[in-house]
Amino acid sequence: NYEKIIDDGSGGLIAVWQDYRNGNADIYGQRVSAAGEKVWGNSGIAVCSAPAGQFAPEIIADGAGGAIIVWHDYRGSAGEDIFAQHVSGAGAAYWNENGIPVCDAPGTQWYPKIAGDGAGGAIIAWSDGRRGAGDNNIFGQRIDGFGKALWEKNGVALCSAAQNQERPEILAVSGGALVAWNDFRSGNVDVYAQKIGLDGTAQWPTDGVSVAAAPFAQENPRLAPDGAGGAVIAWVDSRQDENAIFVQKIDLNGKSVWQENGRLLAKAAGKQANPEIIKLKTV
């Protein structure tokens with residue numbers, strides 16, 4: 001389960017998933033050609049089959065027919081960690097067997113998200129509990145195509161505000177990445193965002209900018225590029241009687257372009273949930 005799929009750049013696809021064929025959860029992958037042929041064998045390849053469990057894989061194309069894959073991993077003794085692997089188009093691992101640690105700090109690091117860095121590597125963001133239970137923060141790391149960490153060991157803090165920050169989403173933009181997350185600093189969950197440069201420095205105010213901080217919950221942001229260095233962000237919003245979908249445009253400087261706390265996109269009887277958002281291609 002937890003399947004993720006990307007275009008392989010040649011009319012086919014690469015998929016990764018949590019796989020229980022060996023008892024514990026492992027990460028497996030498969031490449032399917034444009035003709036529908038299984039390139040990596042009938043049963044796929046083991047991206048990671050380390051002891052304990054590996055969960056929540058995410059994947060990006062490497063631009064050369066392969067992929068960089070990231071997940072959270074229970075093999076350590078001090079809580080979940082973030083691991084990654086680079087796989088070629090032929091299904092061969094470029095990095096160490098069972099992947100390399102992106103972050104193995106104490107405490108829980110989980111639910112990573114990944115975006116390309118425009119140079120054959122990746123920027124990865126995750127929820128991080130190294131500062132203690134009840135104080136999860138958002139951390140990030142950049143790795144190159146050889147698996148070398150380009151920022152400080154175990155990543156840099158993108159947001160370390162009070163209370164919990166969880167479930168980041170990430171979007172590659174020129175010069176770095178935009179990250180949005182669920183944020184509890186005000187006592188209920190809101191949506192905040194930060195832009196991180198390729199050198200690991202925050203481009204917007206410390207601990208991010210508010211995307212939506214209306215009464216009740218705003219959560220589970222999804223991002224798409226706005227075509228001008230910013231993003232359009234959609235989320236689930238319960239400021240009204242039932243969950244609805246709201247959206248906001250954030251420019252490249254972190255300023256909200258549309259009305260404060262976002263614009264209503266979808267509301268109907270019952271609940272609206274699980275938004276997804278993409279940028280349409282012009283022909």
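For region 199-279, the per residue solvent-accessible surface stands at 53 Å², with DNA, RNA and ligands left out and a 1.4 Å probe.
Comparing region 27-125 with the 2.2 N^0.38 Å rule of thumb, its C-alpha radius of gyration ratio is 1.08 (two decimals). With all protein chains in place and a 1.4 Å probe, the accessible surface of region 149-283 carries 49 percent carbon and sulfur. Cα centroid distance between region 152-222 and region 20-69, in Å? Result: 29 Å between the Cα centres. Across region 72-216, Cα-Cα distances exceeding 19 Å account for 50% of all pairs. How many nm is it between the label spots at D144 and I5, if each spot is 7 Å from the Cα in line with the beta carbon? With each label placed 7 Å out from Cα toward Cβ, I get 3.5 nm. Considering only protein heavy atoms and a 1.4 Å probe, what is the carbon-and-sulfur percentage of the accessible area of region 1-97? Of the solvent-accessible surface of region 1-97, carbon and sulfur hold 48 percent.
Computed from the Cβ-Cβ distance with R0 of 41 Å, the FRET efficiency linking A78 to A269 stands at 0.30.
Maximal additional length on extending the K38-V156 stretch stands at 38.6 nm, based on 0.36 nm per residue less the C-alpha distance.
Counting only protein heavy atoms and a 1.4 Å probe, region 74-180 has 39 square angstrom of accessible area per residue.
Only one of [x] 0.99; [y] 1.24; [z] 1.64 was calculated from the structure for Cα Rg over 2.2 N^0.38 Å, and its label is [x].
The values are calculated or read from the model by the stated rules, or taken from the named source; none is laboratory data. This one's a predicted model, so the numbers in the text were calculated from it and none came from an experiment. Cβ atoms come from the backbone with ideal geometry, glycine included; neighbour counts cover every protein chain shown. Quick note on the areas: whole protein, heavy atoms, side chains included, nothing else; ligands and nucleic acids left out. Shrake-Rupley method; radii C 1.70, N 1.55, O 1.52, S 1.80 Å.
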